[in-house]
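Enquirer: Once you've had a glance at the structure underneath, I'll fire off some questions.
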Amino acid sequence: MTKSATATLRPMTGEQRARFERDGYLVIRGALDEHEVARYADALDRLHAEERAAGRVGPGGSMHRLCAVAGLPQAVHLIDHPRTFPLVWSVLGWNVHVYHSHLDVHPPIRVPKPYRFEWHQDGGRQNRELETEPRPRLSVKVAFWLSDVSEPGRGNFKVVPGSHLANRIDGPPRRDVPWPEPVGAVEVTVAAGDAVFFDRRLWHTRTDNHSELTRKGIFFAYAHRWQHSRDENTELLATPAAAGFTPVQRQLLAAPLAGPGQSPGDHQWGHHPDTTPLHGYLASRGLLDPHYPPLQP
Ligand SMILES: O=C(O)CCC(=O)C(=O)O
């Protein structure tokens, strides 16, 4: 973690937890300061320019690049950012990693796009293969905003507050069939530097950017280490840049943690808290919680 991380680590407050359980998401105002916003936005702009030059952007110049830290190693400081990461371990506990992440740049839309119903819960097949109502939370996600989406129409994140406990919403027979927006849907209006922390079950969608501003964000989804990662960081972890990553950052990037004589699978399963960096980090600061199973010492 960065220097500031150690100074300000605080678990989720009771009020935040109640709001998160009720609405399925929280907005963290000013999660990044203006210098951080400028730094990450510049880095994202540079990557976007490279991707564009290499012909790897979508229609209209949009970029949705998976494995955020592999694409932008300086974004490693976002995965355990002191303003957002405590929300993650307060909910999921210490046996976590980033299982999926993306870097997003969406320039203004100049040519109308064909209709597509993009409302979804995260987790893909989890939403078919788990049988409970509601299905379990399993993962949470943090979106860091690097452009101003404080007005609707700027490619905002759109959600149905409180919908995380509903296994389904009304939708079209095929995604290309125009369909009314879900009742209660709202565009989340936030400034550059704000973050949105959400339950993967929250029904949500990206919206089209009809403004004059390019919409930019970085997203990290966290799950327990016993859930398979969609991100692939093996090459990243072998680069010189990775030498500077902290043990907690390495855990979050799914670096192998098993020591001599330990089975990698068992370690990933969570059998070895003593050699799981986040466990040690929280224990040494008195942040484990005997009353909350995922955080029990
Ligand atoms: O880009 C957005 O606003 C939404 C992204 C999204 O759908 C997701 O993170 O699952």
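The values are calculated or read from the model by the stated rules, or taken from the named source; none is laboratory data. Not measured: the values here are computed from a predicted model. Because the Cβ atoms are built from the backbone with ideal geometry, glycine has one as well, and the counts that use them run over all protein chains shown. In case anyone asks, the SASA skips ligands and DNA or RNA and just uses the protein heavy atoms, side chains included. Shrake-Rupley method; radii C 1.70, N 1.55, O 1.52, S 1.80 Å.
Enquirer: Identify, please: which residue in segment 5-33 is at pLDDT 95 or above and β-branched (Val, Ile, Thr) and is, among those, nearest to His291 (Cα to Cα)? Reasoning before the result, please.
Expert: Applying the first criterion (at pLDDT 95 or above) to segment 5-33 yields 11-33.
Add one more test, that the residue is β-branched (Val, Ile, Thr), and what stays is 13, 27-28.
Values: Thr13: 15, Val27: 26, Ile28: 26 Å.
Here the answer is Thr13.
Enquirer: Arg22 fails exactly one of the following numbered conditions: (1) over 18 Å from the mean Cα position of the chain (by Cα); (2) surrounded by 14 or more Cβ atoms within 10 Å (Cβ to Cβ). What is the number of that condition?
Expert: Just one mismatch for Arg22, condition (2).
Enquirer: Moving on. Open to solvent by less than 10 Å² (accessible area, probe 1.4 Å), touching a Pro at 6+ places or on another chain (Cβ under 6 Å) and within 28 Å of His164 (Cα to Cα), is that true of Pro11? Break it down into steps so the answer makes sense when it comes.
Expert: On the way: open to solvent by less than 10 Å² (accessible area, probe 1.4 Å): no; touching a Pro at 6+ places or on another chain (Cβ under 6 Å): yes; within 28 Å of His164 (Cα to Cα): yes.
Criteria not met by Pro11.
Enquirer: Sticking with this structure for a sec: Please specify each residue of segment 112-170 satisfying the condition of being within 11 Å of the ligand (Cβ to nearest atom), in contact (Cβ under 8 Å) with a residue 40 or more places away in the chain and farther than 20 Å from Phe20 by Cβ.
Expert: Within segment 112-170, Glu118, Trp119, Val149, Arg154, Gly155 meet the criteria.
Enquirer: Looking at segment 149-176, which of its residues are out of contact with any Gly (no Cβ under 6 Å at 6 or more places or on another chain) and open to solvent by less than 20 Å² (accessible area, probe 1.4 Å)?
Expert: Residues satisfying the conditions are Val149, Gly155, Asn156, Phe157, Val159, Ser163.
Enquirer: Something else now. Tell me the residue from Pro240, Pro247 that is of a type outside the set (Gly, Ala, Ser) and farther than 28 Å from Leu295 by Cβ, please. Step through it out loud before you land on a result.
Expert: Numbers: Pro247 fails: farther than 28 Å from Leu295 by Cβ.
Matching residue, one of Pro240, Pro247: Pro240.
Enquirer: In this structure, does Val69 turn out to be assigned to a helix (DSSP H, G or I) and closer than 26 Å to Pro247 by Cβ?
Expert: Details: assigned to a helix (DSSP H, G or I): yes; closer than 26 Å to Pro247 by Cβ: yes.
So Val69 fits the description; yes.
Enquirer: Now for a different question. I'm checking my understanding of the structure. Among residues of segment 95-111 that are more than 12 Å from the ligand (Cβ to nearest atom) and among the hydrophobic types (A, V, I, L, M, F, W, C), which one is surrounded by the fewest Cβ atoms within 10 Å (Cβ to Cβ)? If you could, list the steps in order and put the result at the bottom.
Expert: Looking only at segment 95-111, we keep the residues that are more than 12 Å from the ligand (Cβ to nearest atom), and these are 95-99, 107-111.
Among the residues that remain, those that are also among the hydrophobic types (A, V, I, L, M, F, W, C) are: 96, 98, 109, 111.
Details: Val96: 24, Val98: 28, Ile109: 15, Val111: 6.
The residue in question is Val111.
Enquirer: So, one more: Look at Ser229 and say whether it is within 21 Å of the chain's Cα centre (by Cα), more than 14 Å from the ligand (Cβ to nearest atom) and among the hydroxyl-bearing types (Ser, Thr, Tyr).
Expert: Working: within 21 Å of the chain's Cα centre (by Cα): yes; more than 14 Å from the ligand (Cβ to nearest atom): yes; among the hydroxyl-bearing types (Ser, Thr, Tyr): yes.
In short, yes.
Enquirer: For Leu44, indicate whether it is more than 25 Å from Ala243 (Cβ to Cβ) and either within 16 Å of the ligand (Cβ to nearest atom) or in a loop (DSSP other than H, G, I, E, B) (or both).
Expert: no
Enquirer: When you go through Ala38, Ala53 one by one, which is the residue that is open to solvent by 20 Å² or more (accessible area, probe 1.4 Å), more than 17 Å from Ala191 (Cα to Cα), of a type outside the set (D, E, K, R) and without any contact (Cβ under 8 Å) to a residue 24 or more places away in the chain?
Expert: Working: Ala38 fails: more than 17 Å from Ala191 (Cα to Cα).
Matching residue, one of Ala38, Ala53: Ala53.
Enquirer: Could you list all residues from segment 25-35 that are exposed (fewer than 12 other Cβ atoms within 10 Å of the Cβ) and within 20 Å of the chain's Cα centre (by Cα)? Reasoning before the result, please.
Expert: Narrowing segment 25-35 to residues exposed (fewer than 12 other Cβ atoms within 10 Å of the Cβ): 29, 34-35.
Hit for segment 25-35 is Arg29, nothing else.
Enquirer: Suppose we filter Gly171, Gly184, Gly193 for residues that are small (Gly, Ala, Ser) and either farther than 24 Å from Ile28 by Cβ or modelled with pLDDT under 95 (or both); which single one remains? Write out each step before concluding.
Expert: Values: Gly184 fails: either farther than 24 Å from Ile28 by Cβ or modelled with pLDDT under 95 (or both); Gly193 fails: either farther than 24 Å from Ile28 by Cβ or modelled with pLDDT under 95 (or both).
None of the others qualify; the one that does is Gly171.
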